[in-house]
Amino acid sequence: MKIGIASDHGGFELKEYIKEYLEKEAIEYIDYGTNSLDSVDYPDYGLKLSKGVIEGEVDRGIAICGTGIGISISCNKVKGIRCALCSDTYSARMSIEHNNANIIALGGRVIGRDLAIEIISTWLKAEFEGGRHKRRIDKITNIEG
Ligand code: RB5
């Protein structure tokens, strides 16, 4: 599985930490920026990552800003994106098993590094259950028009 990862300045340090984890686990990734702590606008990075997911350049995405809120809202504006803001491992697992979310959002100023790695490790192992959940996701897609 190939992962896309993106953040604004508020999520930059956590992004770099998660990249180290992905490298250690030999998980391929594309970094869509940002590349420093300089102030940037999270919608720009949410959009870059979302395009990567929609165009199939990556299979799933990790989006990070200070709270995870702004970048998750931005990603969810892109047709076909289901972005789940998660601060715990249970939600991260469910975001795949039930919601087949294609992006997970994290708050770099909300959760600690170790928790973030547990969340990502759980999320990477999770698989979509399909069945009744597929019907519900189809209904979300219909809302998009
Ligand atoms: C940037 O200061 C901050 O507003 C941003 O990272 C994020 O938390 C917005 O939702």
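The values are calculated or read from the model by the stated rules, or taken from the named source; none is laboratory data. This structure is a prediction, so every number in the text was calculated from the model and none was measured. Reconstructed Cβ throughout: ideal geometry from the backbone, glycine too, with neighbour counts over all protein chains shown. SASA here: full protein model, heavy atoms, side chains in, ligands and nucleic acids out. Shrake-Rupley method; radii C 1.70, N 1.55, O 1.52, S 1.80 Å.
Evaluate E = 1/(1 + (r/R0)^6) for GLU97 and ILE54, where r is the Cβ-Cβ distance and R0 equals 22 Å; express this FRET efficiency to the nearest 0.05.
After rounding to 0.05, the efficiency reads 0.50.
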Exercise. Using the heavy atoms of the protein chains and a 1.4 angstrom probe, tell me the accessible area per residue for the chain in square angstrom.
Key: 51 Å²
Quiz item: Which value, in nm² and rounded to one decimal, describes the direction-averaged projected area of the C-alpha convex hull of the range 23-85?
Solution: 4.6 nm²
Quiz item: How do LEU115, LEU49, LEU124 stack up against each other in accessible area, from largest to smallest, with a 1.4 angstrom probe?
Solution: LEU115, LEU124, LEU49
Self-check item: Around ILE143: net Lys/Arg minus Asp/Glu count, Cβ-Cβ under 14 Å
Solution: +4
Self-check item: GLU20 - accessible surface, heavy atoms, 1.4 Å probe, Å² rounded to 10
Solution: 110 Å²
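Could you rank PHE128, PHE12 by how accessible they are, 1.4 Å probe, largest area first?
PHE128, PHE12
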Quiz item: According to the square roots a ≥ b ≥ c of the eigenvalues of the Cα gyration tensor, what is the shape class of the range 90-145, taking rounded for a/c under 1.5, prolate for a/b larger than b/c otherwise, and oblate for the remainder?
Solution: oblate
Exercise. With the Cα gyration tensor of the range 49-98 in hand, convert its eigenvalues to equivalent ellipsoid semi-axes via √(5λ) and list them largest first in whole Å.
Key: 18, 14, 9
Quiz prompt | Helix-only [θ]222 nm of the chain, DSSP H runs n ≥ 4, -39500 (n - 2.57) each, per residue, nearest 500 | solution = -14500 deg cm²/dmol
Self-check item: Candidate lysines - alpha carbon under 21 Å from LYS2, same-chain residues fewer than 8 apart omitted
Solution: LYS15, LYS19, LYS24, LYS48, LYS51, LYS79, LYS125
Self-check item: Contact order normalised by residue count of the chain, Cα under 8 Å, 6+ apart, percent
Solution: 24 percent
Quiz item: What value does the range 50-145 have for Rg/Rh, both radii from Cα atoms and Rh as Kirkwood defines it?
Solution: 0.96
Quiz item: Given a 1.4 Å probe and every protein chain left where it sits, what share in percent of the accessible area of the range 36-145 is carbon and sulfur?
Solution: 49 percent
